[in-house]
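All remarks here apply to the structure that follows.
Since every read-out is calculated from the coordinates, none of them should be taken as a lab result. This structure is a prediction, so every number in the text was calculated from the model and none was measured. All Cβ positions, even for glycine, are placed from backbone atoms using ideal geometry, and neighbour counts span all protein chains on display.
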Amino acid sequence: MSDKKPISSVNDFVVRFANVNGSGSASANEMFARAILRHGVPVSPRNIFPSNIQGLPTWYEVRVTEEGHLGARGGVDMMVAMNPQTWDKDVAGIEPGGYLFYDSTKPMPSTKFRDDITVIGVPLTAITNSTYTDPRQRQLFKNIIYLGALSALLDMDPKLIEQLIGEQYKGKEKLLSSNVHALHLGRDWALQNLKCPLGLRVKKSDKVGDRIFIEGNSAAALGAVYGGATVCAWYPITPSSSVAEAFTAHCKKYRHDPETGKAKYAIVQGEDELASIGIVIGASWNGARAFTATSGPGISLMTEFIGLSYFAEIPAVIMNIQRAGPSTGMPTRTQQCDIIACAYASHGDTKHVLLFPEDPAEAFEFAAAAFDLAERLQTTIFLMLDLDIGMNHRLCRPLKWDDAKQYDRGKVMTAEMLEEGRDFGRYLDVDGDGIPYRTYPGTHPTKGSYFTRGTSRDRYARYSEEGSVYADNMQRLVRKFETAQDLVPRPLQANAERPTKYGVIYFGSTSPAMDEAIGLLEARGHQLDRLRIRAFPFHSSVASFLAEHDFVYVVEQNRDSQLRQLIVNENGIDPVRLVPIVHYDGTPITARYIAKAIGDHQDHLKVTPLRKAVS
Amino acid sequence: MTYIAKPKFHHPGLKKNELGYTHRDYEGKISTLCAGCGHDSITASIIEACYELSIEPHRVAKISGIGCSSKTPDYFLGNSHGFNSVHGRMPSVLTGANLANRDLIYLGVSGDGDSASIGFGQFAHSIRRGVNMTYIVENNGVYGLTKGQFSATADRGSKSKKGVTNTDNAIDLVAIALQLGATFVARSFSGDKTQLVPLIAAAIRHKGASFIDVISPCIAFNNHAGSTKSFDYVREHNDAVNRLDVLVGRDPIAVDYAPGTVQVVEQHDGSKIALRKIDADYDPHDRLGAQTFLARHAAKGQIVTGLLYVDPDAEDLHEHLNTVETPLNTLEADTLCPGSAVLDKINASLR
């Protein structure tokens, strides 16, 4: 019946599961992704979920990619359509020649299908109802049954799935065996009743290597544990809550005194974001490493305190797991839309350090480094993640830690130093790097105390409204920000094979899509040098990169090309030479999107000269 | 101005406390508040209480919000670190500081605007968490620093200096603190140092959330006829439930008082509070009774002062969180970082 040849592809396709949220499908879908990984084939899964707990549509997309392209691809080769609510849209979204997998228990009118796709009906409800009587079991095992059927259709090794079930239900024999049973129910039905395998197949490979599969939020939380955070204050907000929850879980495992059982950390769920950042600032002022995790609306609420951190020079680490704004925006959709809000947060002249990890491995590293930077620079450090990195499992290099590493606690004047007669001025620039010494409260009976305030003061922390004293301090803060340039992670540059006048700047979760897009662009004959920015303030190599290229594309996931604005503003360059490439519909940016946008612009630039055309 | 330092010299015969500190060692810079401000009397009482308790001045962290009251930490304990933070946010900053180092004494100074209006939420939540602190509200019912607007503790029907009548209901922070589970709740009057000094001392010795509402007339904007926070009004309507003495490392000197009117309360740290009861039926261990007592007197237009409630066996936030005895701010990589071997195992579990 199909008038389009079915897609045939090994280890390179996209499967999308359409479910109802709260139906228990998440763990079965995740198991599907993990099972493919166990075949040695990279996958890149993404949750697409509503801001809701039960009843609304949710999707889980798995990109199977032998080549290791971890960005979203766009398009769906196989739709596992388990949600009647979204049926029409789901069926319409399948690529021509693609596959539709559905529960065929109830007959569907032929108008509900398409001619150019392969339709695979499995009577999932009938199978579950004849096997299970408990409604909860029927619901949960239906998910495992479709996993079993898919394993047959996609030629997956069932042993590898059984292994995963075994790991998940270790010590819970009853659950283990009933899950394996359900898996085979689905698999056997498919083998007996359908032509297996399909054109889409999973074949064992060795492309995963030693990489790990972890969510960015969990990796960032682990970075906070390794980086020595002892105080965490937070307020629940999607998509950041799992940072604090993961920090709690990691601390329970790794941060209790083995003898006394006591906690070497304190976690407080604040009454709001104001209290959360207040607790972080109070703790940091008093010498502990402290952080909060939040998202856009939380950043808006925290801005007064962020200004205090900047001006009174108190360390703080804020993990911002960005979501689509403005206002409540799209709470469960991804964007890189708080760049300007964070870079210049709070009233008055302020500037803040931003770190842009590209994946969970960097989220771990940068999270740990953020605490060193915060204490060294005595200011707020933003770790800028987004929902795409934070809440999805991402394949990345293993996390690494050097045991010889000591924490950089920054410039702290101790009782001994005060006793030696060292001159202590809380805002005195003794080293010329703009960074003054601080003392912890309670250090010395008669020396080193000072009064911290958000009002202006002189180098010795004495209140002052003198214009020159105020300006002197503001200038020092600029010097300090210049010092930060050389302390933050540097941009990474990758040049095209042939010299080119064109460059592209990108950052954060855009990374895998950008890497893939480069290949697509090269295939179209476009050569581009790449610069991945990893922090603000911008290192001097950003200015050099801009100087070396006629046009530089700035690829980002927000409407107003915020990073481009920041580059223009901070480098004072001609904005015309920076071409914005923006994607902001809340879905992760894709290689196809980037390649088309840049490719079209490149084609446009290569207009044939008039004289040549007429001659 | 606040940068005017006091001269360091003092009378050689100045009395010293157990640690050898004189009264002067507990003072700060010269106050910049209006002459006669109630807040300066509270400052004097804080100095007195710290001197009496022989606290090492630098082991106190003074944290405040914004407003006239929040400026006062500059005027006492000059060798302590102070933090004049953000309007209404003293409680969260103090909570964080306390989590970082449980060994210091935390003195939170706030005002009625700072705690009952903009910071009402933070006031409430720091109390319900049981942060080990002494939370003093210098309550004048008015925004002094912005020249006389009503605050949320101004009584309904009271008149501003400009003659405007307040139509909003007043928030009684003492009643709220009792409801939220503060384990030491008191009210006093800035003009009554004999009552206030021991209350502050007892609050500092108390482990848990101590709250003291100190009515402190604003002589510039809220000390006129029609005000319910003026010196005259408070003196006329004050109904003290008890007077107390704090006894640290000394025998209780209860002999001065008539039997049956003195109740000795032993606090967690072994210090004793001797309560000279004025109202014979008043039981400071009965939270519900305190709430009723307060409401009954408020209905009669009386301002109840004294120690209204104390739970001598209270727990604090650190106990709730089961944190280590060592201050968190002293822990380093050797105890905080699980190390590369653990990380290898974590990596292995993620494949």
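Using only alpha carbons, the protein assembly as shown has a radius of gyration to Kirkwood radius ratio (Rg to Rh) of 1.05. Nearest 0.05, what FRET efficiency do B:K16 and A:V412 give at R0 = 41 Å with Cβ-Cβ as r? It comes out at approximately 0.80. Under 23 Å of direct C-alpha separation, and excluding same-chain neighbours fewer than eight residues apart, A:K480 reaches these lysines: A:K351, A:K411. Counting Cβ atoms of other protein chains within 10 Å of each Cβ in A:208-215 and taking the mean gives 3. For the protein assembly as shown, the residue among A:I279, A:L301, A:F13 whose Cα projects farthest onto the positive side of the dipole built from Cβ charges is A:F13. Taking every residue in A:438-449 and counting other chain Cβ atoms within 10 Å of its Cβ, the average works out to 6. Projecting label points 7 angstrom from Cα along Cα→Cβ for B:H320 and A:D600 puts them 5.5 nm apart.
Residue exposure proxy: A:Y584, B:Y135, ordered by other Cβ atoms within 10 angstrom of their Cβ from fewest to most, comes out as A:Y584, B:Y135. Of the residues A:Q163, A:T128, A:P42, the one whose Cα sits farthest toward the positive end of the charge dipole of region A:9-201, with +1 on the Cβ of Lys and Arg and -1 on the Cβ of Asp and Glu, is A:T128. Model label points for A:V478 and A:L56, set 7 angstrom from Cα along the Cα-to-Cβ axis, are 4.7 nm apart. Rounded to the nearest 10 degrees, the inclination of helix A:158-168 to the longest alpha-carbon principal axis of chain A is 40 degrees. The angle separating the long axis of helix A:511-523 from the principal Cα axis of greatest extent in chain A is about 60 degrees. Kindly identify region A:9-201 as rounded, prolate or oblate by the Cα gyration tensor criterion: order the square roots of the eigenvalues as a ≥ b ≥ c, call it rounded if a/c is under 1.5, otherwise compare a/b with b/c, prolate if a/b is larger, else oblate. The shape class here is rounded. Placing unit charges on the Cβ atoms only, positive for Lys and Arg and negative for Asp and Glu, gives the protein assembly as shown a dipole magnitude near 1400 debye about its Cα centre. In a Gaussian network model over chain B where Cα atoms closer than 10 Å are linked, find which of B:K16, B:K300, B:K159 has the largest mean-square fluctuation. It is B:K300. Applying both filters, DSSP loop and at most 14 other Cβ atoms within 10 Å, to the trypsin sites (Lys or Arg not before Pro) of region A:227-317 eliminates every site.
Shielding of peptide A:366-373 by partners, expressed as the average count of other chain Cβ atoms within 10 Å per residue Cβ, is 0.
Peptides A:586-593, B:343-350 ranked from most to least packed, by the mean per-residue count of other Cβ atoms within 10 Å: A:586-593, B:343-350. Here region A:209-243 is scanned for amide nitrogen atoms under 20 Å from the site 7 Å beyond the Cα of A:S27 along Cα-to-Cβ, giving A:213-215, A:218, A:242.
Length gained on full extension, A:D403 to A:D272, computed as 0.36 nm times the residue gap minus the Cα-Cα distance: 43.5 nm.
The modelled label-to-label distance for the pair A:D206/A:D560, using points 7 Å beyond Cα in the direction of Cβ, is 5.2 nm. Angle between the Cα long axis of helix A:241-254 and the longest principal axis of chain A, 0 to 90 degrees, nearest 10? Rounded to the nearest ten degrees, it is 80. Placing a label point 7 Å from the Cα of A:I573 along the Cα-to-Cβ direction, the residues of region A:520-548 whose backbone N falls under 13 Å of that point are A:529-533, A:538-548. Using the alpha carbons alone, the radius of gyration of chain B stands to its Kirkwood radius in an Rg to Rh ratio of 1.01.
Each peptide in A:102-111, A:460-469, A:215-224, A:505-514 was scored by the mean count of other Cβ atoms within 10 Å over its residues; highest first, the order is A:215-224, A:505-514, A:460-469, A:102-111. Any idea which of A:G467, A:C196, A:A92 is furthest toward the positive side of the dipole for chain A, if Lys and Arg beta-carbons carry +1 and Asp and Glu beta-carbons -1? Of the listed residues, the answer is A:C196.
From least to most packed, judged by other beta carbons within 10 angstrom and beginning with the fewest, A:W87, A:W401, A:W234 follow the order A:W87, A:W401, A:W234.
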